[in-house]
1. Residue check: is L9 on the phi < 0 side of the Ramachandran plot, at pLDDT 95 or above, of a type in the set (A, V, I, L, M) and part of a helix (DSSP H, G or I)?
2. Can you say whether I83 is exposed (fewer than 13 other Cβ atoms within 10 Å of the Cβ) and free of Cβ contacts under 8 Å to residues at least 24 places away in the same chain, as far as the supplied structure shows?
3. Counting only residues that are aliphatic (A, V, I, L, M), under 16 Å from the mean Cα position of the chain (by Cα) and surrounded by 12 or more Cβ atoms within 10 Å (Cβ to Cβ), how many does the stretch 45-77 have?
4. Within the stretch 11-44, track down each residue that is among the aliphatic types (A, V, I, L, M), loosely packed, with under 13 Cβ neighbours inside 10 Å and either more than 18 Å from the chain's Cα centre (by Cα) or under 13 Å from G61 (Cβ atoms) (or both).
5. For the stretch 25-46, enumerate the residues that are of a type outside the set (S, T, N, Q) and out of contact with any helix residue (DSSP H, G or I) (no Cβ under 8 Å at 6 or more places or on another chain).
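The values are calculated or read from the model by the stated rules, or taken from the named source; none is laboratory data. Just so you know, these numbers come straight off a predicted model, no measurement behind them. As a convention, Cβ positions derive from the backbone with ideal geometry for all residues, glycine included, and neighbour counts pool all protein chains shown.
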Amino acid sequence: MYFSDTSNLSMNSAKKQIFSILNHIEEVIIVSMFALMVIIIFVQVIMRKAGNSLSWSEELGKFLFVWISWMGISLGQREGEHIKITMLTDRLSAWPRSSTSFPISS
């Protein structure tokens, strides 16, 4: 069964819209987890100074930090914001540079 070009285009735009929504949700989750981690660590510091430490706060802070890092990898890859060492590729001419950009960014 063959699909027309218009149905294929609408499918692609629907897919892009779904991915856009999911990407936005991921960004909101990362920011929320970061805010929660900062609040928990801040409360832990205050409670420790008051003499009544929260035993679970350090573990939850570590857990949130790990998840923020893993989700941030996804976000950084999608936005092209990861650190790249381009010392060698900057010295290449245009054609070799463009042919090496695909494996580096993949």
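1. no
2. Details: exposed (fewer than 13 other Cβ atoms within 10 Å of the Cβ): yes; free of Cβ contacts under 8 Å to residues at least 24 places away in the same chain: yes.
In short, yes.
3. Looking only at that region, the number is 4.
4. M11, A14, A35, V38, I39, V43
5. Selection gives I25, V28, V31, A35, V38, I39, F42, V45, I46.
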